[in-house]
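Report on one structure; see the data block that follows.
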Amino acid sequence: MIELMDVTKSYNGTVKAVDNLTLTVRGGEIFGFLGPNGAGKTTTIKMITGIIQPDKGTIRINGKDISQSPLEAKKQFGYVPDSPDLFLRLKGLEYLNFMADMYDVPRELRKERIEALARRFDMLHALSDPIL
Ligand SMILES: Nc1ncnc2c1ncn2[C@@H]1O[C@H](COP(=O)(O)OP(=O)(O)OP(=O)(O)O)[C@@H](O)[C@H]1O
Ligand SMILES: [Mg+2]
């Protein structure tokens, strides 16, 4: 569950990019942001993911406050960026192991999950290929 309470963010003390936003996204819910350019969508995602801090308000992910317990909160979600340039040199399996390290997934469990998911997405043959 993602909870935003009275979240406000201004840039340079002038442009109010997000103004007193309160919203809840429940577990299992699929939630999309729609809005015109400059509405504050990217700013909101950056605050939820802890890239920037709100001026005011609270953000909790599965009950963990992103400002107060950033590492705990960040372990609650996955994030797929627009431009994954950093990872293109890695092989599929190296990338998955890197992510498993980030999220503290134990060795045995990660092996099991990687295999099960690679099988489900019919990508077992691609695990040892470079991403690009
Ligand atoms: N780094 C920044 N410095 C100053 N102002 C910014 C910065 N980032 C965004 N803004 C301003 O904050 C407001 C919200 O921008 P934001 O990028 O969050 O909107 P958006 O909904 O993601 O827009 P788009 O649909 O164009 O991606 C806009 O007025 C924008 O010009
Ligand atoms: Mg945007």
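The values are calculated or read from the model by the stated rules, or taken from the named source; none is laboratory data. Since the model is a prediction, treat every value here as computed from it, not as a measurement. Methodologically, a virtual Cβ is constructed for each residue, glycine included, from the backbone with ideal geometry; neighbour enumeration extends over all protein chains shown.
How about region 81-98: which of its residues are surrounded by 14 or more Cβ atoms within 10 Å (Cβ to Cβ) and out of contact with any Phe, Trp or Tyr (no Cβ under 6 Å at 6 or more places or on another chain)?
LEU90, LYS91, GLY92, LEU93, GLU94, LEU96, ASN97
From THR58, THR43, which residue is closer than 29 Å to ASN12 by Cβ, of a type in the set (Val, Ile, Thr) and in contact with a Lys or Arg (Cβ under 6 Å, 6 or more places away or on another chain)?
Values: THR58 fails: in contact with a Lys or Arg (Cβ under 6 Å, 6 or more places away or on another chain).
Within the list THR58, THR43, the selection yields THR43.
Would you call GLY35 exposed (fewer than 12 other Cβ atoms within 10 Å of the Cβ) and within 16 Å of ligand 2 (Cβ to nearest atom)?
Working: exposed (fewer than 12 other Cβ atoms within 10 Å of the Cβ): yes; within 16 Å of ligand 2 (Cβ to nearest atom): yes.
Yes, satisfied.
Out of region 54-97, which residues are without any contact (Cβ under 8 Å) to a residue 24 or more places away in the chain, closer than 18 Å to GLU3 by Cβ and of a type in the set (S, T, N, Q)?
Residues satisfying the conditions are SER67, GLN68, SER69, GLN76.
Which members of region 40-79 meet the condition of being within 13 Å of ligand 2 (Cβ to nearest atom) and charged (D, E, K, R)?
LYS41, LYS46
With the checklist (1) within 16 Å of ligand 1 (Cβ to nearest atom); (2) at pLDDT 95 or above; (3) within 24 Å of ILE114 (Cα to Cα) in hand, flag the one item ASP82 doesn't pass.
Condition not satisfied by ASP82: (2).
If you check LEU71, LEU127, LEU117, which single one turns out to be out of contact with any His (no Cβ under 9 Å at 6 or more places or on another chain) and surrounded by fewer than 12 Cβ atoms within 10 Å (Cβ to Cβ)?
Details: LEU127 fails: surrounded by fewer than 12 Cβ atoms within 10 Å (Cβ to Cβ); LEU117 fails: surrounded by fewer than 12 Cβ atoms within 10 Å (Cβ to Cβ).
Result: LEU71 is the single residue among LEU71, LEU127, LEU117 that is out of contact with any His (no Cβ under 9 Å at 6 or more places or on another chain) and surrounded by fewer than 12 Cβ atoms within 10 Å (Cβ to Cβ).
Which one of these is within 12 Å of ligand 1 (Cβ to nearest atom), at negative phi and surrounded by 11 or more Cβ atoms within 10 Å (Cβ to Cβ): THR42, THR49? Let's see the steps before the verdict.
Working: THR49 fails: within 12 Å of ligand 1 (Cβ to nearest atom).
Unique residue meeting the criteria: THR42.
Report the residue count in region 88-115 for those that are in contact with a Leu (Cβ under 8 Å, 6 or more places away or on another chain) and modelled with pLDDT of 90 or more.
Count: 8.
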